[in-house]
1. From a point 7 Å beyond the Cα of A48 in the direction of its Cβ, which residues of the range 82-115 have a backbone N at a distance under 15 Å?
2. Can you tell me which of Q14, Q64, Q86 moves the most in a GNM of the chain? Springs connect C-alpha atoms under 10 Å apart.
3. Based on DSSP, what percent of beta bridges with both residues in the chain are antiparallel, to the nearest 5?
4. How long, wide and thick is the range 2-115, going by the Cα atoms along their three principal axes, in whole angstroms, largest first?
5. Contact order normalised by length for the chain, with contacts defined as Cα pairs under 8 Å and 6 or more residues apart; what percent is it?
6. For the range 1-66, what D do you get in µm² per second when you plug the Kirkwood radius from alpha-carbon pairs into Stokes-Einstein at 10 °C and 1.306 mPa s?
7. With springs connecting C-alpha atoms under 10 Å apart, model the chain as a Gaussian network and identify which of S58, S80, S109 has the largest mean-square fluctuation.
8. With angles folded into 0 to 90 degrees, how steeply does helix 2-22 sit against the dominant principal axis of the chain? Use alpha carbons for both and round to 10.
Amino acid sequence: MAGGRQALGRWGEQQAAEYLALRGYQIIGRNLRGAYGEIDLLARHGEALVFIEVKTRSSTSFGQPEEAITERKQLHLLHSAEDYLQAHPELDGDWRIDVISILRRRDASPEITHFENALGG
């Protein structure tokens, strides 16, 4: 079953990358691993660096995909972004963390919801 979740996750990340590219984002990294976890996608949008968490589900039996972003996961995302920026000082300037929620429908296009600056104050 874990293989099925991983395949669904990879599919969702590809859908998110295509969605973002159509909206002017330049994908500059995928599945970046660090001390605090993984960053699914890293992109440039205008002058901003955008760290993107992708959550994909095949049904809403356990809620919407974005509901999987717990407080603990939010902290991991924030620490992962900060860790990445410390390791790459050449990437100065504005940055934010977005969440892309994808619901895979059997006989329809995926339902994609983009939460910009999802962890912003």
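1. 93-100, 114-115
2. Q86
3. 65
4. Computed over the range 2-115, the largest-to-smallest principal extents equal 44, 30, 23 Å.
5. Computed over the chain, the figure is 23 percent.
6. Rounded, D is 124 µm²/s.
7. Between S58, S80, S109, it is S109 that shows the largest mean-square fluctuation.
8. Value to nearest ten degrees: 60.
Laboratory data are not the source of any read-out in this text; all were calculated from the coordinates shown. These numbers come from a predicted model, not from an experiment. Methodologically, a virtual Cβ is constructed for each residue, glycine included, from the backbone with ideal geometry; neighbour enumeration extends over all protein chains shown.
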